[in-house]
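The values are calculated or read from the model by the stated rules, or taken from the named source; none is laboratory data. Note that this is a predicted model, so its numbers are computed, not measured. All Cβ positions, glycine included, derive from the backbone under ideal geometry; neighbour counts span all protein chains shown. In case anyone asks, the SASA skips ligands and DNA or RNA and just uses the protein heavy atoms, side chains included. Shrake-Rupley method; radii C 1.70, N 1.55, O 1.52, S 1.80 Å.
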Amino acid sequence: MQINGLAVGNTQVKNNIFLAPMAGYTDYGFRKLLLELGVGLVFTELVSAKGLIYGGNGSKELLYSGDDIENTAVQLFGADADFMRKACESQDLKDFKIVDINMGCPVPKVYKNGEGSALLNDILKAERIVSECVKSGKTITVKIRTGQKAGDDIAQEFAKMAENAGASLVTVHGRVREAYYSGKPDYNAIYKAKRAVKIPVIANGGIFTVEDANIMIDRTGADGVMLARGAVCNPFLVCELLNKNPNMDIKTFMIRHLNLMANRLGKTRSALEFRKFIPNYFKGMIGVKELKTTLLSMDDSDKIIELLNKNL
């Protein structure tokens, strides 16, 4: 794929490789390190509009971006247009330029509340949410899926709606809701969405290698790619796409990530949160089964780091 800068509304992004919002994974530390490795734009974990308005500390914690706020977009979810606009206009989001509206999350808890991918069932409600958020003055982007079930193809229709309602960019996850995160992306649906609008379209889904990214761009004509699980399994995928050497190795990445987590969450909570990353970070390594098993049982970040330094 061709690497180039990209205008997202009034914000110029350094390149067209984005890091997807992933609940439980795109914490501040992970986002910061991916930006250092070269990704153009990162997104927070999913943040509840009502959670912000009602003062939920959990929602506010997800927003922390340190000095990287210029290259960080907020991913906001909700089903009430007025709450969504209020969240965009809130003090909590005052320093963020870009707000991304989630219309793709498939998990039942979100879907049953009429949020996330449930909005794909009601284009008029979705349109009102986008247009109200645009009135906040923020640059608004939208992330969608191609439909609810196999055979659906509504990405083109929703991309047009988003553009007409004032969105500056659309990301299409090339899968339907019932597929969750498995199966081959629907390249044709993304292609039609791209052809239907003048705003940038970013392609998401199934990108684990440089070849995957090249195929995605070749078949869809999208303006860039959004990395998700591929970046968690291999944080250096962004460097491979940029054709540059990483400025750290995987041990350094792990230790820095854990330290960044510990600085905000404390030694115990960070160690517990870090467990879900371990199988991904060790993928492909030989002779580390015992080490992984030990790490997955530890509850002190300092001891984890000590063990990593001794064994890697």
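Taking the Cα centre of the range 197-312 as origin and assigning +1 to Lys and Arg Cβ atoms and -1 to Asp and Glu Cβ atoms, the resulting dipole is close to 280 debye. Relative contact order for the chain: 14 percent, from Cα pairs under 8 Å spaced at least 6 residues apart, divided by residue count. Label positions at THR209 and GLU240, each projected 7 Å from the Cα along the C-beta direction, are separated by 0.7 nm. GNM on the chain, alpha-carbon springs under 10 angstrom: the most fluctuating residue among GLY266, GLY147, GLY29 is GLY266.
Please identify which residues in the range 230-251 have an amide N closer than 19 Å to a label point set 7 Å out from the Cα of LEU296, following the Cα→Cβ vector. Under 19 Å, as judged by backbone N against the label point of LEU296, lie 232-234 of the range 230-251. Computed extension length for ASN280-ILE3: 97.1 nm, one decimal, from 0.36 nm per residue of separation with the Cα-Cα distance subtracted.
With each label modelled as a point 7 angstrom along the Cα→C-beta vector, the GLU306-THR268 pair spans 1.8 nm. The range 57-78 and the range 166-181 have their alpha-carbon centroids 20 Å apart.
Accessible surface for the chain, divided over its residues, is 43 Å² per residue with a 1.4 Å probe.
Cβ-Cβ distance of GLU36 and GLU89, R₀ of 35 Å, FRET efficiency by 1/(1 + (r/R0)^6): the value works out to about 0.65.
Spatial offset of the range 87-154 relative to the range 187-241 amounts to 20 Å, using the alpha carbon center of each. Comparing GLY206, GLY137, GLY224, which has the greatest mean-square fluctuation in the GNM of the chain with Cα pairs linked when under 10 Å apart? Checking each option, the largest mean-square fluctuation is seen for GLY137. Please report, in debye to the nearest 20, how large the charge dipole of the chain is about its Cα centre when each Lys and Arg carries +1 at its beta carbon and each Asp and Glu carries -1 there. I would put it at about 280 debye.
The helix-based estimate of mean residue ellipticity at 222 nm for the chain, built from -39,500 (n - 2.57) per DSSP H run of four or more residues and divided by its residue count, is -12000 deg cm²/dmol to the nearest 500.
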